[in-house]
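First comes the structure, then the notes that go with it.
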Amino acid sequence: MKIIIDIVKKLISRKNELCLYIGVTSVLLVGCGPSQFNSKSAKAENSSLKAKNAMLKSQLNIVGSYKDSQNKAAITLNSNGTGRYVYVDPTATNTDDQLTWQKNTDNSYIIKLNDSNVTSPLIGKLSGKKLVLSGDNNWNTEIFNKTKGSFDLDEFLAKNDPKSNQQVSQSQINSNTTNTSTNNSNNHPKLADGTDVYSLPLADSRNPDSAKQRELMEIAGDPKYRNTDGSMNSEGRALSSRIQATFHHPE
């Protein structure tokens, strides 16, 4: 009987040890499992974030302004996928279009002009600081160089448009013509050669103000218009002022 009791005790002891082992193992598994999972998840998220950042950086490489001085065209591409394209047409109305753009998987860019005359999207490709813009058979391939700093498309159009420069020159000519006509439209007496008599020196008797100048000189030399200290008295000053007010003043 005692032998049987000893055997039962040993079995119970081993059972307890087995339960304890299973319990400890379970705790370890529960503690390590989420940590390992979280670590793998964090690595996956970091990889995904790096890939997104690399893609975004690649997309933003094209952002900026470019100009084609030879063909007198320029383009600006904004980081939000919008932009503007201008072209100085030597014979017709200049092109000035808003646009949208997006990156292709092959590292090229689709550029769509908001222009009813351009029905097909353009393809842009970067080569260093150069942007090559091509389209269908109706579009001539253009090569743009990236500009430094801020770039004003309106100023670019104004500087490169001969039609605009001609309009400015014609406006200046018209203005000068108007001013000349105004100056020549006065009713001043003129000499036979067209000289305005008022442009002659005051010492020249042909200038109507010449006689008034002589009157002023006579007043200045007349003793009755002098004070005892030699200065001109109030009567002389008043008379001189009235005469000076009648002098011709250039227009």
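The convex hull of the Cα atoms of the stretch 197-244, projected and averaged over all directions, covers 3.4 nm².
Within 10 Å of each candidate Cβ there may be at most 15 other Cβ atoms; applying that plus a DSSP loop requirement, which trypsin sites (Lys or Arg not before Pro) in the stretch 71-136 survive? In loop regions of the stretch 71-136 (DSSP not H, G, I, E or B), the sparsely surrounded trypsin sites (Lys or Arg not before Pro) are Lys129. For Thr147, the residues 5 or more places off, or on other chains, whose built amide H falls under 5 Å of its own are Ser65, Tyr66, Lys67.
List, in the order given, every pair from Lys72/Lys129; Lys125/Lys159; Lys103/Lys159; Lys67/Lys159; Lys112/Lys163 whose Cα-Cα distance in the structure shown is over 22 Å. Each step should come with its number before you reach the end.
Working: Lys72/Lys129 18 Å; Lys125/Lys159 27 Å; Lys103/Lys159 32 Å; Lys67/Lys159 13 Å; Lys112/Lys163 27 Å.
Over 22 Å Cα-Cα: Lys125/Lys159; Lys103/Lys159; Lys112/Lys163.
For Lys148, the aspartates and glutamates whose Cα comes closer than 20 Å to its Cα, not counting residues fewer than 8 places off in the same chain, are Asp68. Put simply, the stretch 64-160 fits an ellipsoid with semi-axes of 19, 16, 13 Å; these come from the alpha carbon gyration tensor as the roots of five times its eigenvalues, largest first.
Each of Ser116, Ser134 was scored by other Cβ atoms within 10 Å of its Cβ. Arranged with the fewest first, they read Ser116, Ser134.
We did not get these values from a lab; they are worked out from the coordinates using the rules stated. What you see is a predicted model; the values in this text were computed from it and never measured. As a convention, Cβ positions derive from the backbone with ideal geometry for all residues, glycine included, and neighbour counts pool all protein chains shown.
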